[in-house]
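First the structure, in the form of structure tokens, and then the observations on it.
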Amino acid sequence: MARYREAVCRLCRREGVELYLKGDRCFTDKCAIKRRGYPPGQHGQRRPKHSDYGVQLREKQKAKRIYGILEKQFRNYFEKADRMKGKTGDNLLILLERRLDSVVYKLGFTQTRRESRQVVRHGHFLVNGRKVNIPSFLVKAGDVVELREKSRKIPSVNEALDAVVRKGIPAWLELDRGSFRGAVKSIPGRSDIQEPIQEQLIVELYSK
């Protein structure tokens, strides 16, 4: 599968906001956007001029980069959200939040979504007692996400769980740190999603 493999700090600089793609580093003075708060490239320090289309495009690119997915998959999520009842923009973000890699990240098992996608892909997690190694698997209310017993000594997972206080756990999720288990208490609403995304701009872009 195609995947962005370049320096992820460039993505934060390009979007002009912290996307927290490098875990702990994003909270230190080494954060690229704190050191160089302008877009990368030869013309990065010029004052940008964005058309309405440009603003909408940047918002879509930002959402893709936050959740670590590529264009075709993102478009499929939009089309699915458009077929659902309710607001398309809200449905889109809720679908993205329900991805298993996103839930693993939000529960604090990893420090970045990229890392959570990797540990899910390697089969370290169970959903309702069954191994699931598909990062795009959509959880539902009542699901239990659990780290496999063989995987509970992974240093990076334990370090992330020890630091989960700083990130916090969303109200729609519940973590049992001692048993390496998390529960999906309910499907998230738009108010539960704190990512800096203006979903209406994405809807306007795809509606043209």
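Please treat every number below as a calculation from the coordinates, not as lab data. Remember, predicted model here, so these are calculated numbers, not experimental data. As a convention, Cβ positions derive from the backbone with ideal geometry for all residues, glycine included, and neighbour counts pool all protein chains shown.
Let a ≥ b ≥ c be the square roots of the eigenvalues of the Cα gyration tensor of the stretch 99-187; is it rounded (a/c under 1.5), or, if not, prolate (a/b larger than b/c) or oblate? Please report the intermediate quantities before stating the final value.
Working: a/c = 1.33, a/b = 1.05, b/c = 1.26.
It is rounded, given that a/c, with a ≥ b ≥ c, falls under 1.5.
In order along the stretch 188-202, the phi-based Karplus estimate (6.51 cos²θ - 1.76 cosθ + 1.60, θ = phi - 60°) of 3J(HN,Hα) comes to x, x, 4, 5, 7, 9, 9, 5, x, 10, 9, 5, 5, 5, 5 Hz; Gly and Pro are listed as x. Here the residues 64, 85, 153, 140, ranked from fewest to most Cβ neighbours within 10 Å of their Cβ, fall in the order 85, 153, 140, 64.
With R₀ fixed at 41 Å, the C-beta to C-beta distance from residue 185 to residue 51 puts the FRET efficiency at about 0.45.
In what sequence do 205, 100 fall when counting other Cβ within 10 Å, fewest first? Spell out each step's value before the answer.
Values: 205 17, 100 22.
In increasing order of surrounding Cβ atoms, one gets 205, 100.
Using 0.36 nm per residue and subtracting the Cα-Cα separation, the extra length available between residue 133 and residue 156 on full extension is 6.4 nm. Couplings for the stretch 65-77, taken from phi via the Karplus curve 6.51 cos²θ - 1.76 cosθ + 1.60 with θ = phi - 60°, read 6, 4, 8, x, 10, 9, 4, 4, 5, 5, 5, 4, 4 Hz in order; Gly and Pro are left as x.
Assuming R0 = 25 Å, what is the FRET efficiency of residue 148 and residue 72, from their Cβ-Cβ distance, to the nearest 0.05?
Details: r = 31 Å, r/R0 = 1.23.
It comes to 0.25.
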